[in-house]
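A.B. asks: Submitted below is the structure of interest, expressed as structure tokens.
The values are calculated or read from the model by the stated rules, or taken from the named source; none is laboratory data. In this text, all values refer to a predicted model and were calculated from it rather than measured experimentally. A quick note on method: Cβ atoms are made from the backbone with ideal geometry, for glycine too, and the neighbour counts reach across all protein chains shown. To get the accessible areas, we keep the full protein, side chains included, count just its heavy atoms, and leave off ligands, DNA and RNA. Shrake-Rupley method; radii C 1.70, N 1.55, O 1.52, S 1.80 Å.
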Amino acid sequence: MITVFIRRPERLYQIFEYINRNETGWHITLVCCRDESNGDPKKVYHEIESTLPILQKAGVFPHFKIDLIYKDKQFGPDIIAEVSKQFQIHPNRIFIGSIHYSHEFDYHELFGARIIFN
């Protein structure tokens, strides 16, 4: 299983392409965290939720089994640890898009989660 924290639905194809080229697992769990920057804390979740069936209907990466979950918490080291424990996966099987300068934590605090975009 591979877990990906996602906050931009337009990155879905790039994420799936990266996994398809570089990883051996095809079971992907996408995790959206609460984001209040745009008013609706679940906005990204709803956008991804509506985009996934379109990608699947179009036949994009049909070998992937994709789950989508929402965590009502801000992204950070605590949620990485929680997801790692919940799914019993090592943090190096957890991917994140990037770390922005506005976070209150550093990369080394994410337990080895892997950045797949800059």
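A.B. asks: Over the heavy atoms of LEU55, what accessible area does a 1.4 Å probe trace out, to the nearest 10 Å²?
C.D. replies: Counting only protein heavy atoms, LEU55 exposes about 40 Å² to solvent.
A.B. asks: Through the Karplus equation 6.51 cos²θ - 1.76 cosθ + 1.60, θ set to phi - 60°, convert the phi angles of the range 26-34 into ³J(HN,Hα) values in whole Hz; use x for Gly and Pro.
C.D. replies: 10, 8, 10, 10, 8, 10, 10, 9, 4
A.B. asks: Over all pairs of distinct alpha carbons, what does the Kirkwood formula give as the hydrodynamic radius of the range 18-64, in Å?
C.D. replies: 12.4 Å
A.B. asks: With each label point set 7 Å from Cα along the Cα-Cβ vector, what nm distance links SER37 and GLU23?
C.D. replies: Each label point is offset 7 Å from its Cα along the Cβ direction, giving 2.2 nm.
A.B. asks: Ordering GLU10, GLU23, GLU49 by accessible area with a probe of 1.4 Å, largest first, what comes out?
C.D. replies: Putting GLU10, GLU23, GLU49 in descending order of accessible area: GLU10, GLU49, GLU23.
A.B. asks: Now a separate question. Not counting ligands, DNA or RNA, and with a 1.4 Å probe, what is TYR18's accessible surface area in Å² rounded to the nearest 10?
C.D. replies: Accessible surface of TYR18 is approximately 50 Å².
A.B. asks: Further, regarding this structure: Out of residues 5 or more away from LEU68 or on other chains, whose amide H comes under 5 Å of its own, with H placed 1.01 Å from N in the peptide plane?
C.D. replies: Residues meeting the amide H criterion: LEU30.
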